[in-house]
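Read through the structure below, which is laid out as structure tokens, and then see the notes.
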Number of protein chains: 2
Amino acid sequence: MAEHMDPEEFRRAGYAVVDWVADYWRTLDQRPVVPRDPPGTVTAALPATPPAHGEPVAAMLADLDEIIVPRVTHWQHPGFFGYFPANTSGPSVLADLVSSGLGAQGMLWATNPAGTELETVVLDWLVELMDLPARFRSTGAGGGVIQDSASSATLVATLAALHRASGGRWREAGVDRRYRAYTSTHGHSSIEKAARIAGLGGQGVRTIEVDPETQAMRPAALRAAIEADLANGEVPAIVVATIGTTSTTAVDPLPEIGVICAEYGIWLHVDAAYAGAAAVCPELRWSHAGVEHADSYCFDPHKWLLTGFDCDAFWVADRGELIEALTVMPEFLRNAASESGAVIDYRDWQVPLGRRFRALKLWFVLRWYGVEGLRAHLRSGIALADRFAARVRADDRFALAAPHPFSLVTFRLRAGDEASAALLARVNDSGQVHLTHTRVNGRYTLRLAVGAPLTGPEHVDRAWDLLSAAATDILAGVTSTGGSARANTPPG
Amino acid sequence: MAEHMDPEEFRRAGYAVVDWVADYWRTLDQRPVVPRDPPGTVTAALPATPPAHGEPVAAMLADLDEIIVPRVTHWQHPGFFGYFPANTSGPSVLADLVSSGLGAQGMLWATNPAGTELETVVLDWLVELMDLPARFRSTGAGGGVIQDSASSATLVATLAALHRASGGRWREAGVDRRYRAYTSTHGHSSIEKAARIAGLGGQGVRTIEVDPETQAMRPAALRAAIEADLANGEVPAIVVATIGTTSTTAVDPLPEIGVICAEYGIWLHVDAAYAGAAAVCPELRWSHAGVEHADSYCFDPHKWLLTGFDCDAFWVADRGELIEALTVMPEFLRNAASESGAVIDYRDWQVPLGRRFRALKLWFVLRWYGVEGLRAHLRSGIALADRFAARVRADDRFALAAPHPFSLVTFRLRAGDEASAALLARVNDSGQVHLTHTRVNGRYTLRLAVGAPLTGPEHVDRAWDLLSAAATDILAGVTSTGGSARANTPPG
């Protein structure tokens, strides 16, 4: 301690940490999915000041077991059905370990040539694997890059769109016109956040109504909003369409939206954060019809493709527009490779300057599973969702809230919002499963999202059994035994 | 393969990867610091499509050795003196492994209670450790958060500043006034990038002249720029002052700048990305005089504090302003804990929604080293820089370009820019060291930044010996044997 850890100490401690992770995974099913302790529990258990003298790794591992892990929400738990999955896998974790060990910071090609080229290659692999438009390939005018999240992808797409909509003026003049962004009422909150960050303000976002059956954006309403804005002297800059909305995994009609964007010269960004992974399976590529219209597109391998957070895969059809929008070249970053024009400097494709070597984890995952292994994982999630949806459909007390084309099922109790909210609180209070909620057509709706690698039929069946039993109690007027405040704390 | 990796397979493969990392570190000194292969080498060595069937981890490790690592820039190499260090350490790597294994996504307190609270606690620890202003503590109105980088910290500071400067109007109206940001001519490029992202445009950034001796911002020039902008109907929103500029580690005069910001009601953000770590040592706290004026402050533990990239520590004096600027609350994220107001949801402190469990690595590093261990590391870097600077100072052919209060030394050949540029190319071509360059008072200047954990006196002396010998050749008119294009590729 106090000294640097030498390679042999690292080897010994590293084995111990590998054991710790293996044991965590082995025992995950025995833990409650979500912790119950009130806010402040961890804070109270930790000292108020850092230690004066060094401590051994064993001390940290002991505190992990004692203080930290009992208050972690277990996203990899087979009973975790909340939000969207953020699944990881052995090969992803191992690749991240290699990345941490190398400690290479790839802001420029010159500062990590292999990391830069591997990233470009694996993103080209994904274009092939998902049958994405050829113009996204780096071998043409496009290219892919790893962002931390779909939020950041939407932000950089918005910036490139402003660059284009302004005719290049925005870089120097900033937001000096009333630029507008469009998405459906079920577009992700990160679209509003990106618009705010980019200086468009809440007023700069037009939320377009959805079809109440499909929950997908209505193209006619999009066109009407664009026309109204143009008539009012506003400048339509970007449309963000979604493949797989957060509430219900609705798919916006890209063929029609794409034509509208082309007609008005508006940047089309496609946010497929969760459902993009589905395109790995040929039978699900209907969901990507019209994606050839996209100026940019992203999905999150860290959601449903077994690659640990953070890993968002983002492509543009014209990398030149993106780079022009984002590049700043100070003297201290000048180098011959960049000036040769023969290399990609990924700092110009993202908000931060520095970057980790994240391509390694995508590379390890793609190689460990192979195409067939990834397809098997995705199909398993869809089959489990179908299995669960069949239970819901067969029970008159329940109603499905929307179609379930992927691995998310949305449903509610026919008895109403209050009963549905009580149902969520009660099943989550069991500690065996964790679901979250949304609103669909204004009604309180439960979401069950399948995706953790350990989730099997028995976990989905257990979720249904818990829901069914809780529904019986709730509809009979039996109140939950747990305090409602506590029961409500974890769900989200 | 093709199946999920089970815990026992992970254990075996994990040991192999730990061994791989330990062996990498053990042999790091024997590798060239920077690869020599031309662009495209890695791309050409990789297949054009992903594998149909799964492969074992051993295959990935073999390709790592064969294809990847020979083309990585070795930031942890003891001869790496480029840019600023991005140093990591054993405890940081191990904590990241735990974080990857947990796979917990902490966008909300509810989605990782322990991760959220541990982050708040370790950032409070750093306030104590660095004697930062008490108002940055979470126990008052302030608080700290981990950002990916100082670039993102500057961006969110800019957004909070716009929120304040607009009187709350910006959230809805966007950038509808000519807001202005101020930094010195040696402020980091991320400040211009943040202003561009935020919609201020290049025109929104005022670069304030520096004192040619100290390279620090001249407060009188800052005041004059603000006055001129106000007279012109522009709205001063933020001043970004730097502790430790990238070119020379100059320290802007915060006591004077802080008074000016207070007088005009302008947000003061302090970017101490590299040199902030110095405040861990009491004898270096002079560099932070006046930091009590800051509305926000950041430094990068991933630069000089042994915590692997990415880890920027960012504090605000009033967390309410930051949260108001960034929060968006969709139904699918609503939860009882957030609505109670008793918890921190870090998604509202940053650009992305999702977040990894990065507090673990800071916690492991602070505990492994303890306060005394961290101070020893920082003091070692400063002593090595002093040792190197003494060599430069004693050689009439060389001149120091600026003061060297921390672990960066800037210098040039008196013979001029061309000779200095040739010197950089030649020493980097040796493969034994890697330095980068900048311009100081318009003149080409070499930078030697100490910080990798393995760097000792022998490595700094070797760097000097290489520089001295190369200077002898260059000043005698002997041309480099390496092709100049190739020699120039790596430096940056």
How large is the charge dipole for the protein assembly as shown, taken about the Cα centre, if only the Cβ atoms of Lys, Arg (+1) and Asp, Glu (-1) carry charge, to the nearest 20 debye?
860 debye
Given the candidates B:Trp349, B:Gln432, B:Val42, the one whose Cα lies deepest towards the positive end of the charge dipole of the protein assembly as shown, counting +1 at each Lys or Arg C-beta and -1 at each Asp or Glu C-beta, is B:Trp349
When the Karplus curve 6.51 cos²θ - 1.76 cosθ + 1.60 is applied with θ = phi - 60°, which whole-Hz ³J(HN,Hα) does each residue of the stretch A:29-43 get, with x for Gly and Pro?
5, 8, 9, x, 4, 10, x, 10, 5, x, x, x, 5, 5, 3
If you restrict to DSSP beta bridges whose two residues both lie in chain B, what percentage is antiparallel, to the nearest 5?
55 percent
Put the label 7 Å from Cα along Cα→Cβ for B:Glu66; what are its distances to the other copies, in nanometres, shortest first?
4.8
Mind checking B:166-179 for the average number of partner chain beta-carbons within 10 Å of each residue's beta-carbon?
4
What's the average, rounded to a whole number, of partner chain beta-carbon atoms within 10 Å of each residue's beta-carbon in A:180-189?
2
Distances longer than 39 Å among the Cα atoms of the protein assembly as shown: what percent of all pairs is that?
40 percent
List, in order, the whole-Hz ³J(HN,Hα) value for each residue of the stretch A:201-210 obtained from phi through the Karplus relation with A = 6.51, B = -1.76, C = 1.60 and θ = phi - 60°; use x for Gly and Pro.
x, x, 5, x, 10, 9, 9, 8, 5, 10
Quick one: order B:Thr41, B:Thr158, B:Thr185 from most to least accessible surface, probe 1.4 Å.
B:Thr185, B:Thr41, B:Thr158
Honestly chain B on the Cα gyration tensor test (a ≥ b ≥ c root eigenvalues; a/c under 1.5 rounded, otherwise a/b vs b/c for prolate or oblate) is just oblate
Run the helix sum for chain B: -39,500 (n - 2.57) per DSSP H stretch of 4+ residues, divided by residue count, reported at 222 nm to the nearest 500 deg cm²/dmol.
-13000 deg cm²/dmol
Can you find, among B:Trp170, B:Ile226, B:Ala336, the residue farthest towards the positive end of the dipole of chain B? Put +1 on the C-beta of Lys and Arg, -1 on that of Asp and Glu.
B:Ile226
Using Cα pairs closer than 8 Å and at least 6 residues apart in sequence, work out the relative contact order for the stretch A:339-427, in percent.
16 percent
Find the accessible area per residue for the protein assembly as shown; the probe is 1.4 Å, ligands and nucleic acids are left out, and the unit is Å².
30 Å²
How much of the accessible area of the protein assembly as shown, probe 1.4 Å, is carbon plus sulfur, in whole percent?
52 percent
In Å², nearest 10: area of A:Asp65 left accessible to a 1.4 Å probe:
90 Å²
Please state the charge dipole magnitude for chain A, taken about the Cα centre, from unit charges on C-beta atoms (+1 on K and R, -1 on D and E), reported in debye and rounded to the nearest 20.
860 debye
Using a label point 7 angstrom from Cα along Cα-to-C-beta, what distances in nm, from shortest up, separate A:Ala394 from the other copies?
8.6
Contact surface A-B: accessible area buried, both sides summed, square angstrom, 1.4 angstrom probe:
13800 Å²
Ordering B:Lys193, A:Lys361 by the accessible surface of their heavy atoms, 1.4 Å probe, largest first, yields B:Lys193, A:Lys361
Cα-centred dipole magnitude for the stretch A:1-128, charges only on beta-carbon of K, R (+1) and D, E (-1), debye, nearest 20:
440 debye
Pairs of alpha-carbon atoms within less than 8 angstrom and 6+ residues apart define the contacts here; what relative contact order does chain A have, in percent?
21 percent
Tell me, Kirkwood radius of the stretch B:61-146 from alpha-carbon pair distances, in Å?
16.3 Å
Between copies, how far does the label point of A:Val235 sit from its twins, in nm, shortest first, when each point is 7 Å from Cα along Cα→Cβ?
1.8
Distant alpha-carbon pairs in the stretch A:104-355 (separation over 26 angstrom), percent
36 percent
From most to least accessible, 1.4 Å probe, no ligand or DNA/RNA atoms counted, A:Asp386, A:Asp396 line up as A:Asp396, A:Asp386
For B:Val235, list long-range residues whose amide hydrogen, built 1.01 Å from N in the peptide plane, is under 5 Å from its own amide hydrogen.
B:Arg178, B:Tyr179, B:Arg180
Chain B, closest residue to the rotation axis toward A, by beta-carbon, whole angstrom:
B:Gly199, 1
The stretch A:346-476: proportion of alpha-carbon pairs further apart than 23 angstrom, %
44 percent
Rounded to the nearest 10 Å², the accessible area of A:Leu284 using a 1.4 Å probe with every protein chain kept is 10 Å²
The protein assembly as shown: antiparallel DSSP beta bridges as a percent of all, rounded to 5
55 percent
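The values are calculated or read from the model by the stated rules, or taken from the named source; none is laboratory data. All of these numbers come straight from a predicted model, not from anything done at the bench. Cβ: placed from backbone, ideal geometry, glycine included. Neighbour counts: every protein chain shown. When the accessible area is computed, the model is the full protein with side chains, heavy atoms only, and any ligands, DNA or RNA have been set aside. Shrake-Rupley method; radii C 1.70, N 1.55, O 1.52, S 1.80 Å.
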